[in-house]
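Some notes on the structure that comes next.
The values are calculated or read from the model by the stated rules, or taken from the named source; none is laboratory data. Remember, predicted model here, so these are calculated numbers, not experimental data. Because the Cβ atoms are built from the backbone with ideal geometry, glycine has one as well, and the counts that use them run over all protein chains shown. Ligands, DNA and RNA are stripped out before the accessible areas are found, and what is left, the full protein with its side chains, is counted by its heavy atoms. Shrake-Rupley method; radii C 1.70, N 1.55, O 1.52, S 1.80 Å.
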Amino acid sequence: MTASKKPLIEMKNIEKHFGSVIALAGVSVDVYPGECHCLLGDNGAGKSTFIKTMSGVHKPTKGEIFFEGKPLNFERPRDAIRAGIATVYQDLAMIPLMSVSRNFFMGNEPERKVGPFSFFDHEKANEVTMSEMKKMGINLRGPDQAVGTLSGGERQTVAIARAVHFGAKVLILDEPTSALGVRQTSNVLATVDKVRKQGIAVVFITHNVRHAMAVGDTFTVLNRGKTLGTAKRGEITPEELQELMAGGQELATLEGSLGGTV
Amino acid sequence: MSDSANVDANVDERVKEMSSFRKSLIRPELGGICGTVAVFVFFALFAFDSGMFNSQGILNWSIVSAQFMIIAVGACLLMIAGEFDLSVGSMIGFAGMMIAIFSVTLGWPVWLSILIAFVMCVAIGALNGIIVVRTGLPSFIVTLASLFILRGFTIYLPQTVERKTIIGGVRDAAEGDWLGAIFGSKIFTGLFQWFGDIGLLATFARGNRAGQPVVDGIPMLIVWALILVVFGHILLTRTKFGNWIFASGGDAQAARYVGVPVNRVKILMFMFTAFCACIFATCQVMEFGSAGADRGLLKEFEAIIAVVIGGALLTGGYGSVIGAALGALIFGVVQQGLFFAGVESSLFRVFLGVILLLAVILNTYIRRMITGEK
Ligand SMILES: Nc1ncnc2c1ncn2[C@@H]1O[C@H](COP(=O)(O)OP(=O)(O)O)[C@@H](O)[C@H]1O
Ligand SMILES: [Mg+2]
């Protein structure tokens, strides 16, 4: 399916050093449109650092990034957003004190001109917010409902809907499900599925194999700043993936002592 | 997976229907509205005959409230953007002193003196902002330093150039000055004279102002206050920039990630606060005809108190300019009302403390209802 497509983003041998800390030691990943690429790995493996080089937060120390075949050089997150790379960070997605509609259009406010003055077009913003949220299966009390009154999963969904609405070609989700309950997680996974079907490339970070298996088309496992391998859906079993993530041996010992419950 | 994700598209049984009356009540300004009503009821009951509610009395507390409003608007927008400015009071003293030194000591035209004072204040405001965003230090500390530095200069400069701490003669210098008039004159004087002539307003019976109405116009100070409140309110609630102000104070990092120029917003708000302080100072200097080294003392706290009574969150991201204006009104009415009622002036602080506490408790309660905060 993906073999005929060209990759949307090619990350080649990305290295990132923070002083003496080598967070990434040459990671390569290709992301295809309409495909959900899962990035797995334990805490500190370098997943967040890796996607931050994709979204313009960090400049890679070494390595190349190609976006739609052209080499990329983002200076600021804003450049990445303009190019169509949207990132939903785990806890920085939304401002709880502000309304859903103000959050939705934060940084992209629609304007209406009255004479020489430009005003925030609240009517349009509210309308779009309500309809986009409805598409994602979330019923708001009103567009002026504060984000703080939404559940964690609903907040993630607002952030995802926002990214999609503003024309993201690549949607990066950094551990969107790690703080969520079962029902909220499945809501977010369903949202990811909807987004992928619209032809958007999704990079989905998680350390939960079951969440990855639910929506992933391709799986890359990171460990200590290196790729342990990339596999397509159907080429790998959840058990193998789990084992790869935990670094084989350690898990085997653990499994022995815990009686196979991990 | 898909069935659990399938939320019913039309009804959510967990959302309680809220009456539109209740909904319209629950707004950030509610604390300020309640406080305003309470204060007016209180003084109408206990000080109605004191002269507080005749035309002169109304003008009296309107002027004091307008002063608070001018600095409260700046402090409000800055607080919503997530920062404080403790140098407002010193800035007021400094700006006034600069105008007096330029116009009286150096003999420059008043309009030029005022313009230069504004440029200096806004530049100092920008410097405050730049230091805060560059160093990441709390604005509390940075502007505390400015508080001392500016106050120090305000005392030092007039002593050096004039050997005194109060410079007078500004009113004479401002005679006929167009910009001085924009801050120091009164409007609708014809209308008020007519009110006096037809008996709608009391007139002076004796003295050199005999026949003139006791209130002869609306001071420009009040006009400035209303302009700033309307401007601040529209900027905050009806523009893109207003959304950026909320976002910068609500969560600067989240705002940056979606491309909001947080640093620019914060620096501009520091500049605006300084601009408001300079308006306050200019009106005051034009009214008194002099500048004093101790002018504006403690004004930064009064501004912050008005803003907090008005429902703003001290940590930023939430608040209302209308609320801050009501907070300023409460402040002015209480201060002057107790004076009219002949209450010992030290009790003003007791009263103020009680109002502050009640308003903040009510505001916290309302805010939690709106934002779902814990
Ligand atoms: N800004 C930074 N400065 C220094 N070290 C960092 C920085 N960001 C990440 N690291 C280090 O890089 C490694 C990978 O971190 P991260 O990408 O956040 O891991 P993950 O998201 O996979 O849990 C960690 O050892 C972390 O301490
Ligand atoms: Mg991480």
Practice prompt. Taking only the range B:150-170 into account, find how many residues are under 29 Å from B:LEU314 (Cα atoms) and free of Cβ contacts under 8 Å to residues at least 12 places away in the same chain.
Written response: 1
Worksheet item: Say we look at the range A:131-142 and pick out the residues that are more than 8 Å from every other protein chain (Cβ to nearest Cβ) and in a loop (DSSP other than H, G, I, E, B); which of these is modelled with the lowest pLDDT?
Response: A:MET136
Worksheet entry | Which listed residue, of B:ALA254, B:ALA247, B:ALA225, is aliphatic (A, V, I, L, M), within 14 Å of another protein chain (Cβ to nearest Cβ) and farther than 23 Å from A:ARG112 by Cα | B:ALA254
Worksheet item: Within the bounds of the range A:174-186, is there any residue that is free of Cβ contacts under 8 Å to residues at least 60 places away in the same chain, away from ligand 1 (no atom under 16 Å from the Cβ) and closer than 22 Å to B:GLY259 by Cβ?
Response: no
Fill in: Matching residues in the range A:133-144 - criterion: being surrounded by 17 or more Cβ atoms within 10 Å (Cβ to Cβ) and under 23 Å from the mean Cα position of the chain (by Cα)
A:MET133, A:MET136, A:GLY137, A:ILE138
Worksheet item: Applying the selection to the range B:247-283, what residues are in contact with a helix residue (DSSP H, G or I) (Cβ under 7 Å, 6 or more places away or on another chain), open to solvent by 20 Å² or more (accessible area, probe 1.4 Å) and closer than 24 Å to B:PHE68 by Cα?
Response: B:LYS266, B:ILE267, B:MET271, B:PHE272, B:PHE275
Worksheet item: Got a number for residues in the range B:340-371 being of a type outside the set (Phe, Trp, Tyr) and surrounded by 12 or more Cβ atoms within 10 Å (Cβ to Cβ)?
Response: 18
Worksheet item: Which of (1) open to solvent by 30 Å² or more (accessible area, probe 1.4 Å); (2) aromatic (Phe, Trp, Tyr); (3) under 18 Å from the mean Cα position of the chain (by Cα); (4) within 16 Å of ligand 1 (Cβ to nearest atom) is the odd one out, the single condition A:TYR32 does not satisfy?
Response: (4)
Practice prompt. Among the helices (runs of 4 or more DSSP H) lying completely within the range A:30-115, list those that include at least 2 residues that are away from ligand 2 (no atom under 16 Å from the Cβ).
Written response: A:77-83, A:100-104
Worksheet item: So which of A:GLU64, A:GLU68 is among the acidic types (Asp, Glu), in contact (Cβ under 8 Å) with a residue 12 or more places away in the chain, over 15 Å from A:ALA168 (Cβ atoms) and surrounded by fewer than 18 Cβ atoms within 10 Å (Cβ to Cβ)?
Response: A:GLU64
Response to the item:
Filtering the range A:90-130 down to residues that are buried (at least 20 other Cβ atoms within 10 Å of the Cβ), in contact with a Lys or Arg (Cβ under 7 Å, 6 or more places away or on another chain), among the hydrophobic types (A, V, I, L, M, F, W, C) and within 8 Å of chain B (Cβ to nearest Cβ) yields A:ALA93, A:MET94, A:PHE120
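Yes/no per residue for (1) away from ligand 2 (no atom under 16 Å from the Cβ); (2) under 14 Å from the mean Cα position of the chain (by Cα):
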site	(1), (2)
A:SER151	yes, no
A:GLY167	yes, no
A:LEU173	no, yes
A:ARG183	yes, no
A:GLY225	no, no
A:GLY234	yes, no
Response to the item:
A careful count of residues in the range A:73-82 that are closer than 24 Å to A:VAL195 by Cα and buried (at least 19 other Cβ atoms within 10 Å of the Cβ) gives 3
Worksheet entry | Subset of the range B:1-51 (residues that are open to solvent by 90 Å² or more (accessible area, probe 1.4 Å), at pLDDT below 85 and of a type in the set (Asp, Glu)) | B:ASP3, B:GLU13, B:GLU17
Worksheet item: Any residue at all in the range A:37-57 that is under 19 Å from A:THR87 (Cα atoms), within 14 Å of ligand 1 (Cβ to nearest atom), open to solvent by 40 Å² or more (accessible area, probe 1.4 Å) and touching a helix residue (DSSP H, G or I) at 6+ places or on another chain (Cβ under 8 Å)?
Response: yes
Practice prompt. Collect the residues in the range A:77-89 that are more than 8 Å from chain B (Cβ to nearest Cβ) and either away from ligand 1 (no atom under 16 Å from the Cβ) or under 17 Å from A:ALA146 (Cβ atoms) (or both), keeping them in residue-number order.
Written response: A:ASP79, A:ALA80, A:ARG82, A:ALA83, A:GLY84, A:ILE85, A:ALA86
Discussion item. Residue pairs, Cβ under 7 Å, 6 or more apart or interchain, first in the range A:195-212 and modelled with pLDDT of 95 or more and part of a helix (DSSP H, G or I), second of a type in the set (S, T, N, Q) and open to solvent by less than 50 Å² (accessible area, probe 1.4 Å). List them.
Written reply: none
Practice prompt. Scan the range A:143-160 residue by residue and report those that are out of contact with any Phe, Trp or Tyr (no Cβ under 7 Å at 6 or more places or on another chain), more than 21 Å from A:GLY216 (Cβ to Cβ) and in contact (Cβ under 8 Å) with a residue 12 or more places away in the chain.
Written response: A:PRO143, A:ASP144, A:GLN145, A:ALA146, A:VAL147, A:GLY148, A:LEU150, A:SER151, A:GLY152, A:GLU154, A:ARG155
Worksheet item: Are any of the residues in the range A:10-23 surrounded by 21 or more Cβ atoms within 10 Å (Cβ to Cβ), touching a Pro at 6+ places or on another chain (Cβ under 9 Å) and part of a loop (DSSP other than H, G, I, E, B)?
Response: no
Worksheet item: Is there a residue being within 30 Å of B:PHE351 (Cα to Cα), within 10 Å of chain A (Cβ to nearest Cβ) and assigned to a loop (DSSP other than H, G, I, E, B) anywhere in the range B:319-326?
Response: yes
Worksheet item: Does the range B:178-192 contain at least one residue that is hydrophobic (A, V, I, L, M, F, W, C) and within 30 Å of B:ILE80 (Cβ to Cβ)?
Response: yes
